[in-house]
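A quick write-up on the structure given underneath.
The values are calculated or read from the model by the stated rules, or taken from the named source; none is laboratory data. Owing to the predicted nature of the structure, the values given are computational and were not obtained by experimental measurement. Neighbour counts are summed over all protein chains in view; Cβ atoms, including those assigned to glycine, are modelled from backbone coordinates with ideal geometry. Keep in mind that these areas ignore ligands, DNA and RNA; they rest on the heavy atoms of the full protein, side chains included. Shrake-Rupley method; radii C 1.70, N 1.55, O 1.52, S 1.80 Å.
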Amino acid sequence: TQLLEQSPQFLSIQEGENLTVYCNSSSVFSSLQWYRQEPGEGPVLLVTVVTGGEVKKLKRLTFQFGDARKDSSLHITAAQPGDTGLYLCAGANINSGGSNYKLTFGKGTLLTVNP
Amino acid sequence: EPEVTQTPSHQVTQMGQEVILRCVPISNHLYFYWYRQILGQKVEFLVSFYNNEISEKSEIFDDQFSVERPDGSNFTLKIRSTKLEDSAMYFCASSEVWAGELFFGEGSRLTVL
């Protein structure tokens, strides 16, 4: 069974601070996705990283995929209250036949940015 | 903006009852999924569906579960005889292409008493 461990589980910071959350696994994934989930809503895709060592930026968010494609990090610069939410990472698996595709999710990091 | 819609938003049922959760995927999407999230736990894959058949299912998706695309627009998840441990938020998702971006619905919360 492939597992994704996210840390920290909870993070509460002040507006303007920087933060990094982590997503680690002992397994290799074909790609890794980061989602944000608001209370009572479904996950919304933020970014997909595919290549080992890849870095993607989305405004104040920087996503990095580890060289071995087993881990990833999300760094937020100058956090704002609107960044508050549950951040989920999900590893994509393609079966050996290449016909099926599913996501394995971590438990998430619950971020609270206080004004 | 196109979105995945799910009904009902919340259903309360007695243990042993049948439940059908409904989803309308984005219209031009071809790949459909059900995931669930037990309160406080991670989002878990249940089943994927393409070309009117199940592509893959998890060990959670036992013979009490079934999926159907009855009319070309709806995608349903049926639980034949609900158990207490089926209480969870059930998310439907769809994608346009294989391994493409998944768009999730807002979820259906199922509470089994």
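Would you pick out the residues in segment B:5-30 that are open to solvent by less than 10 Å² (accessible area, probe 1.4 Å) and among the aliphatic types (A, V, I, L, M)?
Result: B:Val19, B:Leu21.
Just need a number here: residues in segment A:39-69 that are open to solvent by less than 70 Å² (accessible area, probe 1.4 Å), not small (Gly, Ala, Ser) and not in a strand (DSSP E or B).
Final tally of qualifying residues: 3.
Which ranges mark the strands (runs of 3 or more DSSP E) fully within segment B:31-113 that have 2 or more residues being out of contact with any Pro (no Cβ under 8 Å at 6 or more places or on another chain), open to solvent by 40 Å² or more (accessible area, probe 1.4 Å) and within 12 Å of chain A (Cβ to nearest Cβ)?
Counting at least 2 such residues, we get B:43-50, B:53-57.
Scan segment B:11-46 for residues that are within 14 Å of the chain's Cα centre (by Cα) and farther than 15 Å from B:Thr76 by Cα and jot them down.
Across segment B:11-46, the qualifying residues are B:Gln37, B:Ile38, B:Val43, B:Glu44, B:Phe45.
Mind checking which residues of segment A:60-110 are of a type in the set (D, E, K, R) and either touching a Lys or Arg at 6+ places or on another chain (Cβ under 9 Å) or modelled with pLDDT of 95 or more (or both)?
If the condition is that a residue be of a type in the set (D, E, K, R) and either touching a Lys or Arg at 6+ places or on another chain (Cβ under 9 Å) or modelled with pLDDT of 95 or more (or both), then A:Arg60, A:Asp83, A:Lys107 are the ones that fit.
Looking only at segment A:49-89, how many residues end up being within 27 Å of B:Glu3 (Cβ to Cβ), touching a residue at least 24 places away in the same chain (Cβ under 8 Å) and β-branched (Val, Ile, Thr)?
Of the residues in segment A:49-89, 2 are within 27 Å of B:Glu3 (Cβ to Cβ), touching a residue at least 24 places away in the same chain (Cβ under 8 Å) and β-branched (Val, Ile, Thr).
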